[in-house]
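Below: one structure, written as structure tokens.
Nothing in this text is a laboratory measurement; each read-out follows from the coordinates by a stated rule. Predicted, not measured: the structure shown is a model, and the values here were computed from it. All Cβ positions, glycine included, derive from the backbone under ideal geometry; neighbour counts span all protein chains shown.
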Number of protein chains: 2
Amino acid sequence: MSTFAAATAVRALAPGRYGVDIDPGWASGSRPNGGYVLAAAARAALAAADAAGGDHPHAVATSAHFLSPPDDGPAEVDTEVLRTGRTATTIRFTLRQGPSIRVVGHLTAGRLAGHAPEWQRDPEPPALRSEAECVASSSQTPMGSIPLLDQVRVSMDPDHLGWAVGRPAGRLEMLAWMTPAQGALDDPLFALVAVDTMPPTPWDLRPVGWTPTVELTAHLRAIPAPGALRVRAQATLVADGWFDEDAEVWDSAGRLVARSRQICRIQEASA
Amino acid sequence: MSTFAAATAVRALAPGRYGVDIDPGWASGSRPNGGYVLAAAARAALAAADAAGGDHPHAVATSAHFLSPPDDGPAEVDTEVLRTGRTATTIRFTLRQGPSIRVVGHLTAGRLAGHAPEWQRDPEPPALRSEAECVASSSQTPMGSIPLLDQVRVSMDPDHLGWAVGRPAGRLEMLAWMTPAQGALDDPLFALVAVDTMPPTPWDLRPVGWTPTVELTAHLRAIPAPGALRVRAQATLVADGWFDEDAEVWDSAGRLVARSRQICRIQEASA
């Protein structure tokens with residue numbers, strides 16, 4: 001079991017090229033969690049931005065397309081710094097294993113200043129039950145092994161959990177507390193995992209099989225205060241075998257720290 | 001004045017390389033509208049997907065980072081087809097003018113089947129006043145010339161228009177009807193313009209200057225039925241000089257056809 005920092009650590013292999021080891025401990029079923037893989041790629045992109053001399057340590061906007069699921073083990077991230085400006089640096093990244101492209105994307109890095117927000121739509125985090133009243137997830141689930149849940153403590157709001165006992169409510173909304181099992185919650189990139197750790201919201205509609213993420217974009221807006229994160233995931237539209245899913249992450253100080261949106265395919269459950 | 005099809009037409013220059021002319025008729029102030037530029041880049045990416053032999057004519061997921069505002073006139077779009085699968089083709093695109101990169105991104109193309117949605121969160125489009133009760137925009141505004149508004153007929157809901165007469169409501173939500181001034185509304189890429197044509201929502205907070213888009217991702221979910229589109233734009237968080245803005249586009253049949261999210265900088269209005 002490795003901490004988030006260790007599981008996403010990158011090493012410089014050549015100018016613009018970084019190595020990372022995809023850690024089996026951060027998998028959902030047999031595949032690495034997409035948010036975890038994205039966090040590793042983002043770590044490499046931020047290293048490239050740092051090497052380019054900008055003062056933009058935070059992944060303000062990361063957009064990625066997922067081409068094929070990575071295997072556990074070594075991967076390479078090729079980066080290209082496309083622009084360095086006063087307020088932002090934009091980096092292209094490509095995560096490969098051998099000839100196979102796994103994830104591609106762009107990251108615009110900036111510096112999150114930590115001031116109080118000038119304005120926000122929802123002054124309060126989503127209402128969910130206290131962590132003690134929520135249902136702590138285990139990595140050994142009826143749907144199989146999810147090692148990721150040994151790394152991220154996920155406590156699901158029971159009011160949105162009917163699907164887990166065969167009573168989907170058709171709301172396609174899930175709420176949970178999330179905390180890294182090891183290490184202080186001081187790494188803004190952990191939010192990239194948090195936005196992708198909830199069970200797929202279509203499970204609240206009907207049983208579905210694998211729901212591969214095709215595209216995911218995340219905006220990090222603040223450095224989280226220490227303590228458990230509150231996460232809400234909601235789908236908007238299920239059509240033509242595609243669904244979208246928005247996630248919001250709030251910190252213990254009641255601040256909106258990240259928002260993401262992904263679009264996924266639905267693969268039907270095998271009979 | 002040129003139609004949307006003409007203003008976003010691409011011509012093959014070399015394998016994977018396309019030419020497009022940035023049309024001054026689609027500008028907001030002195031800069032081309034970002035959604036329009038993205039539509040032109042997406043047109044090139046879809047041409048590349050078509051040349052690669054896939055049957056994926058629709059821009060299901062397009063994510064772009066805006067590096068510098070284009071000038072009017074010729075631009076080149078370099079494309080690279082990264083993956084062609086059964087349900088999707090993913091293309092990387094880079095829109096340049098000379099050595100200057102303007103917009104970079106990835107597009108995952110698929111085929112929108114046009115079936116009734118399996119599930120959607122909001123069964124009804126956003127409530128806005130009838131087109132007759134809305135305020136038809138002119139390209140000659142108190143804030144300067146917006147030629148785009150001669151190409152896109154925008155009728156703003158007056159209940160969300162207080163900011164225009166010095167009474168911002170602090171809701172950062174705008175609603176409008178939008179229709180291309182010329183040509184049938186049968187081009188799904190027009191939605192990329194529609195999601196970026198609303199006035200910046202922070203105008204409903206206070207006067208601000210230019211609000212350059214840094215990153216924009218759009219998901220197209222259905223081919224719009226003919227008729228005026230309903231568009232809603234909403235900000236969620238204004239902090240550290242950044243704001244996000246979500247837009248939803250509904251067609252005349254009451255179907256959600258597109259969703260987008262962008263993150264932008266705020267440049268303060270000059271005194």
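Across the alpha-carbon atoms of the stretch A:26-171, the computed radius of gyration and Dmax are 19.0, 53 angstrom. Give me the tail of P(r) for the stretch B:62-144 as a percent: Cα-Cα pairs with distance above 21 Å. Summing the P(r) tail past 21 Å for the stretch B:62-144 gives 63 percent. Inter-copy label distances at A:Ala127, using a point 7 Å along Cα-to-Cβ, come to 2.1 nm with the shortest given first.
Sort the stretch A:156-271 into rounded, prolate or oblate with this rule: let a ≥ b ≥ c be the square roots of the eigenvalues of the Cα gyration tensor; rounded if a/c is under 1.5, and if a/c is not under 1.5, prolate when a/b is larger than b/c, oblate otherwise. Here the stretch A:156-271 falls in the prolate category.
Sorted from nearest, the other copies put their A:Gly209 label points 5.5 nm away, the label point being 7 Å from Cα in the direction of Cβ.
Sorted from shortest to longest, the distances between the A:Gln97 label points of this copy and the other copies are 4.3 nm, with each point 7 Å from Cα along the line through the beta carbon.
Rg and Dmax over the alpha-carbon atoms of chain B stand at 17.9, 55 Å. A Förster radius of 51 Å combined with the Cβ-Cβ distance from A:Ser252 to B:Glu118 puts the calculated FRET efficiency at roughly 0.90. Relative to the longest principal axis of the Cα atoms of chain B, helix B:34-51 runs at roughly 20 degrees.
With no solvent and one equal point scatterer per Cα, compute the Debye intensity ratio I(q)/I(0) for the stretch B:1-62 at 0.13, 0.18, 0.22, 0.28 Å⁻¹ and report its log10, rounded to two decimals. Summing over Cα pairs of the stretch B:1-62 leads to -0.36, -0.66, -0.91, -1.21.
Label-to-label distance for A:Ala127 and A:Gln97 is 4.5 nm, based on points extended 7 Å past Cα in the beta-carbon direction.
Packing-based ranking of B:69-78, A:245-254 yields A:245-254, B:69-78, ordered from highest to lowest mean Cβ neighbour count within 10 Å. Averaging the Cα positions of each part gives two centres, and for the stretch B:1-47 and the stretch A:101-128 these lie 30 Å apart. Can you compute log10 of I(q)/I(0) for the stretch B:108-169 with the Debye formula, treating each Cα as one identical point scatterer, at q = 0.25, 0.30 Å⁻¹? These q points yield log10 I(q)/I(0) values of -1.09, -1.27. Pairwise Cα separations in the protein assembly as shown fall into 10 Å bins from 0 onward with the following percentages, short to long: 4, 19, 31, 28, 14, 4, 0.
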